[in-house]
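What follows is a short report on a single structure.
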Amino acid sequence: MHAPLQRYLKSLLLTLLPVLPAWSEVPGVIPNFDPHFEIFELPGGEVANMVQCIIQDKVGFLWFGTRGGLVRYDGRQMVTYRHNPLDTGTIAADYINWIFEDSKGVLWLGHCCDGLTASTR
């Protein structure tokens with residue numbers, strides 16, 4: 001690291017160091033913050049665990065757009081939605097690049113090379 005950059009970073013750190021403990025004790029910043037983390041695997045193996053996007057809808061469901069379909073998680077169980085070429089009511093493709101929820105609660109799925117799917121669940 002270059003000497004001027006080292007001096008700048010050192011002075012910045014020495015300036016902020018006394019202030020950092022005060023930030024952690026500011027009342028009301030995040031009251032009663034007690035996060036809970038859960039580690040899990042999505043159903044469908046390795047391809048389904050290649051998550052491209054995540055959204056939480058207005059109802060509270062977590063939706064995972066993967067390379068192997070759309071997965072809905074309600075906090076207890078997962079449901080996977082996949083493309084079925086014989087059923088026009090399924091999603092357009094399994095590879096999902098993005099998910100968007102519009103003001104009416106419709107989930108829009110963007111697929112790699114296969115267009116869009118509008119899903120009312």
Exercise for review: Return the total of residues in segment 74-117 being closer than 17 Å to CYS53 by Cα and either exposed (fewer than 11 other Cβ atoms within 10 Å of the Cβ) or charged (D, E, K, R) (or both).
Suggested key: 8
Review point. PRO85 versus (1) more than 19 Å from ALA118 (Cβ to Cβ); (2) at pLDDT 80 or above; (3) assigned to a loop (DSSP other than H, G, I, E, B): which is the lone unmet condition?
Key: (1)
**Study point:** Any pair with Cβ under 9 angstrom, 6 or more apart, that starts in segment 39-63 at a residue that is more than 22 Å from THR120 (Cα to Cα) and ends at one that is among the acidic types (Asp, Glu) and surrounded by 15 or more Cβ atoms within 10 Å (Cβ to Cβ)
**Key:** VAL47/ASP94
Exercise for review: Could you look through segment 88-121, keep only residues that are assigned to a strand (DSSP E or B) and hydroxyl-bearing (Ser, Thr, Tyr), and pick out the one that is nearest to GLU38 (Cα to Cα)?
Suggested key: SER119
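The values are calculated or read from the model by the stated rules, or taken from the named source; none is laboratory data. None of these values were measured; they are calculated from a predicted model. As a convention, Cβ positions derive from the backbone with ideal geometry for all residues, glycine included, and neighbour counts pool all protein chains shown.
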